[in-house]
Amino acid sequence: MTPLLEVRGIDKSFGPVQVLHDVAFSANAGEVTALVGDNGAGKSTLVKCIGGIYPIDSGEILFDGKPVHVHGPRDAAALGIEIVYQDLALCDNLDIVQNMFLGRERRRGIMLDEAAMEEQAQETLTGLSVRTVKSIRQQVSSLSGGQRQTVAIAKAVLWNSKVVILDEPTAALGVAQTAQVLELVRRLADKGLAVVLISHNMNDVFAVSDRIAALYLGRMAAQVRTADVTHAQVVELITSGRSGDLGITQ
Amino acid sequence: MNKVKELPGDAIAAAKTSPSIGLSVRAYAERVRGGDMGALPAVLGLIVLCTVFAVARPAFLTAINFANLFTQGAAITVIAMGLVFVLLVGEIDLSAGFASGVCAAVLAVTLTSLGLPWYVCVLAAIVTGVVIGVTLGGLVAKVGIPSFVVTLAAFLAFQGLVLVLVREGTNISIRDDVIVAIATRNLPPWLGWALFAVCVAVYAGIQLLRARKRTTRGLVADPMSLIAARVGALVVIGGLAVYVLNLERSRNPLLTSLTGVPIVVPIILALLVLWTFVLHRTAFGRHIYAVGGNPEAARRAGIPVDRIKVAAFVICSSMAAVGGIIAASRASSVDPNTGGSSVLLYAVGAAVIGGTSLFGGKGRVLDAILGGAVVAVIENGMGLMGYGASVKYLVTGSVLLLAAGVDAIARKRASAAGLR
Ligand SMILES: Nc1ncnc2c1ncn2[C@@H]1O[C@H](COP(=O)(O)OP(=O)(O)OP(=O)(O)O)[C@@H](O)[C@H]1O
Ligand SMILES: [Mg+2]
């Protein structure tokens, strides 16, 4: 089976600092791929390269087996790649609906179709069981951290996407909300989407993922099936880049 | 569209009850306390200033002075309306004043030296504004020079450009009837009332239609009482203004009659409607707010941030051109000082006093009009009180600082209240 999303040989430097070294990574349709690694391993950078936020220095991105060029966020969105960024990237001065449709507003003629956007946003948020938001016409600045995170996730699942990448989506969430997001992650994969989940929580990773990719200091240590490894092995991969015959060989 | 159906568990989303007017008022009060004061300082300031001047100088309340306020404040208000766009994207345009001077000079030169018809000259002036905007915006957004520096440089350069255009300080007088009429003539009284009626009908119609549409789709709509209050306020304020402006204000009514709404008023109203529509009903307007609120989020949403910024500068400079045309019309001439001295600071002041944030992402075109009214009232009232230029400058400077201070403190309050 060809992976829906695949990157090969990605190098990325910020000035003199090389953050990604020859990274290969793939995500299959219908699977949850967990991307793990220590702080600063390069997970968010890899995701931003895929999303067209950062240009890559070398390497290639394949979508459905075909090489593609992602020059900007619009290219990624056009392919059907939705990303929830770690820093969320919401506009504080806009309300929830406006944020969810930002850059892809629904229109009638030249006018915005506010009613349609509001209905659809409402529907999506209801699906995510957002209970604590007073009004979806509330400015994002007045939301709690977890509520903001939920809005960012809702923004990503609103579109008819093929790949959903979530960069630590449960970092600010409470117990119930976290369970709900993990359930959503599973459900998206079961619907046939390729889901990439970045998380530091091993329990979450083992609970929902089909495969695990471990980054170590900007190199891909290993990409394995979740069923084939133990907790301890993954932790070892994260902290030292190798575990037994898995991992980077010097 | 991919709709994620409900997850197990309690799926209660946002409350869907229609808010009563009391709730709307309470929500507004909460926003104000949280630091988001909007136009409140401008409205309160306007009331205080008018009361003070009316008590100190009864002449302030005469019909002729009321009409003067509009023609005095029109140019600055229009420039401020354009500045709102640049401020919204988090930039500043210090050259808007002299840009209006350059455009006015282009108008005067094409009108007198070249003898072209007025509409060609107006077009030339506005195109000049567009070219200025593209240049400034390009330097800021594409090259990446801070807008403060770019427009400060332009501030100096345009001063020189005006001098070149009016040949080192000669005064070009404008005799074209249409151009002169813009800021000096009035609508016939019946037309003033007709305009008022149309405005009220259209405003009420839009509000009711929107509320109906939202209610039928099961969305939260403004309650009837709130709509009635808004329309009522428009009827009272607008009706009073048209009534006063239609009073005879000539010193010698037998010789010449002087009545009616100044022509600049419908011009400003039309610009208000146009730009409010653009800001609040189009995707472009939404993107302007997004770029000012969080440029990185806007970029990740695929919004062409630099093009939006250039567009904001283009709107600002072309509105400056309109302001320049109004100023030229009012003075019936253009000289090296057109758009100079305090015009820019008054315009920035008008925008900021009205509630547009210097930090970007917050403000409305209506704010510029309210702020412009404050500036016009100060200038006019101080003049009536017999204060010279020195005091006027001092007071306006202080008011600008006060407004910027209110903006900064509001921002701090908002972050303390967790609203930012
Ligand atoms: N814009 C940037 N400019 C320079 N260096 C950067 C930039 N972004 C990230 N880095 C560096 O790249 C490395 C990887 O960062 P990245 O954010 O991808 O880590 P991460 O794996 O997502 O970590 P975390 O788990 O903390 O989110 C870090 O050393 C960081 O300092
Ligand atoms: Mg990260």
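FYI, it's all coordinate maths here, none of it is from the lab. In this text the structure is predicted, and so the values were computed from the model without any measurement. All Cβ positions, even for glycine, are placed from backbone atoms using ideal geometry, and neighbour counts span all protein chains on display.
Stokes-Einstein at 4 °C, 1.567 mPa s, Kirkwood radius from Cα pairs: D for chain B in µm² s⁻¹? Numbers along the way, then the final one.
Details: Rh = 22.9 Å.
The estimated diffusion coefficient comes to 56 µm²/s.
Can you give the three extents of the C-alpha atoms in region A:34-183 along their principal axes, from longest to shortest, in whole Å?
Result, largest extent first: 46, 43, 26 Å.
Pairs of lysines 8 or more apart, or on different chains, with alpha carbons under 23 Å: count those in chain A, would you?
Within chain A, the lysine pair count is 13.
In the neighborhood of A:LEU79, defined by Cβ-to-Cβ distances under 13 Å, what is the net charge if each Lys or Arg adds +1 and each Asp or Glu adds -1?
Numbers: positive: A:LYS66, A:ARG74, A:LYS162; negative: A:GLU6, A:ASP64, A:ASP75, A:GLU82.
Once all neighbours under 13 Å are counted, the net charge is -1.
Please give the Cα centre distance for region A:87-109 versus region B:338-409, rounded to the nearest Å.
Spelled out, the Cα-based centre of one part sits 32 Å from the other.
For peptide B:215-225, compute the average count of partner chain beta-carbon atoms within 10 Å of each residue's beta-carbon.
The per-residue average across the peptide is 2.
Using a 10 Å cut-off on Cβ atoms, rank the peptides A:186-192, B:345-351 from the highest mean neighbour count down.
B:345-351, A:186-192
So which aspartates and glutamates can B:LYS412 reach, going by Cα to Cα under 13 Å and dropping same-chain residues fewer than 8 places off?
B:ASP36
What's the Cα-based Rg to Rh of the protein assembly as shown, Rh via Kirkwood? Show your work: numbers first, answer last.
On the way: Rg = 29.4 Å, Rh = 27.9 Å.
Result for the protein assembly as shown is an Rg/Rh of 1.06.
Can you sort A:SER209, B:SER332 so the residue with the fewest Cβ neighbours within 10 Å comes first? Kindly include the intermediate steps, with their values, before the conclusion.
Values: A:SER209 26, B:SER332 14.
Fewest to most other Cβ atoms nearby, the residues stand as B:SER332, A:SER209.
Roughly how tilted is helix B:63-88, in degrees to the nearest 10 and between 0 and 90, from the longest Cα axis of chain B?
Roughly 60 degrees between the two axes.
In deg cm²/dmol and to the nearest 500, what is the mean residue ellipticity at 222 nm of the protein assembly as shown if only DSSP H runs of at least 4 residues count, each as -39500 (n - 2.57), divided by the residue total? All intermediate terms of the calculation are to be shown ahead of the outcome.
Numbers: 24 runs with 371 residues, N = 670.
Per the formula, -18000 deg cm²/dmol.
Can you give the mean number of other chain Cβ atoms that lie within 10 Å of the Cβ atoms in peptide A:84-94?
Per-residue shielding by partner chains comes out at 6.
Using 1/(1 + (r/R0)^6) with R0 = 25 angstrom and r between the beta carbons of B:LEU247 and B:SER225, what's the FRET efficiency to the nearest 0.05?
Efficiency at R0 = 25 Å is approximately 0.15.
In what order do B:PHE284, B:PHE53 fall by count of nearby beta-carbon atoms within 10 Å, going from fewest to most? Working shown, then result.
Working: B:PHE284 15, B:PHE53 21.
Listed from fewest to most nearby Cβ atoms, that is B:PHE284, B:PHE53.
In 10 Å bins starting at zero, report the fraction of Cα pairs in chain A per bin as a rounded %.
7, 31, 35, 20, 6, 1, 0
Quick one: Cα convex hull volume of region B:186-261, Å³ per residue?
Working: hull volume 4.9 nm³, N = 76.
Residue-normalised Cα hull volume stands at 65 Å³.
What ranking, highest mean first, results for peptides B:228-238, B:285-295 when packing means the other Cβ atoms within 10 Å averaged over each residue?
Working: B:228-238: 13.7, B:285-295: 24.8.
With the highest mean Cβ count within 10 Å placed first, the list reads B:285-295, B:228-238.
When you look at the Cβ of every residue in B:277-285, what mean number of other chain Cβ atoms sits within 10 Å?
Shielding by partners across B:277-285 averages 3.
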